[in-house]
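These notes concern the structure reproduced below.
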Amino acid sequence: MRDINEIIKDFYDKLPKFPDGRIDYHTSNIAPVVTVFVECNGKILLLKRSDKVRAYRGKWNVVAGYLDDLKPIREKVLEELREEINMREEDIKNIYFGEVETIADKEIGKTWVGQPALVRLGKKPEIKLDFEHTDYKWITPNELGNYSFVCGLDKTLSRIQKQFKF
């Protein structure tokens, strides 16, 4: 798989932009995203998607977002954490990046080129959700099957869990 930054640059050169300069992926059947697993003491943070989002309403996910500008991936992870759960950088012990993966969701006709990340915390922070989510839970990885989650989250979690041993 190519480097995620090269992939984003290709899309930046080819796709339309929003007025603020971000890439508009709405007409594309492929979109690069970052998927951020927030882990503390062996549990991961799961977020329930609201009815104010475009895709996967009511499904459970982790912190995630389009890679829609040319920022470094670490900076994008920190931005998504601030926006979606009001997490500060000083709450984070470590950030690790997994290998880029592709997940095709035939149901919605979109292929996600995902850059997974694992954010390890020393202690659970106060979570403040934005409009994208209605609820959150801390779960063990083996509890994910008890939830209706977004396409491919189980496979990505399994790879991240094996790679970073939690």
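No value in this document is a laboratory result; all are computed from the given coordinates. Everything numeric here is computed off the predicted structure, so don't read it as measured data. Here Cβ is always computed from backbone atoms with ideal geometry, including for glycine, and neighbour counts include all displayed protein chains.
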Using modelled amide H (1.01 Å from N, peptide plane; none on Pro or chain starts), what sits under 5 Å from the amide H of residue 133, excluding residues fewer than 5 places away?
50
Computed FRET efficiency, Cβ-Cβ of residue 155 and residue 135, R0 30 Å: what is it to the nearest 0.05?
0.80
Once you have the Cα-Cα distance between residue 30 and residue 54, take 0.36 nm times their residue separation minus that, and quote the gain in nm to one decimal.
7.1 nm
Fully extended, how many nm does the chain gain between residue 5 and residue 128 (0.36 nm per residue separation, minus their Cα-Cα distance)?
41.3 nm
The local net charge around residue 22, scoring Lys/Arg +1 and Asp/Glu -1 for residues other than residue 22 whose Cβ lies under 12 Å from its Cβ, equals -2
Report the extension gain between residue 111 and residue 146 in nm, rounded to one decimal, defined as 0.36 nm multiplied by the number of residues separating them, less their alpha carbon distance.
10.1 nm
So, counting K/R as plus one and D/E as minus one, what does the shell of residues with Cβ under 11 Å around residue 135 add up to?
+3
Modelled label-to-label distance, residue 89 and residue 165, 7 Å Cα→beta-carbon offset: nm?
2.8 nm
Integer Hz, Karplus 6.51/-1.76/1.60 couplings in order for the range 95-112, x for Gly and Pro
10, 10, 10, x, 7, 4, 9, 10, 10, 8, 10, 5, 4, 10, x, 10, 10, 9
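Could you check what % of the DSSP bridge pairs in the chain are antiparallel, to the nearest 5? Please list the in-between numbers first.
Numbers: 25 of 36 bridges.
For the chain, the DSSP antiparallel bridge percentage is about 70.
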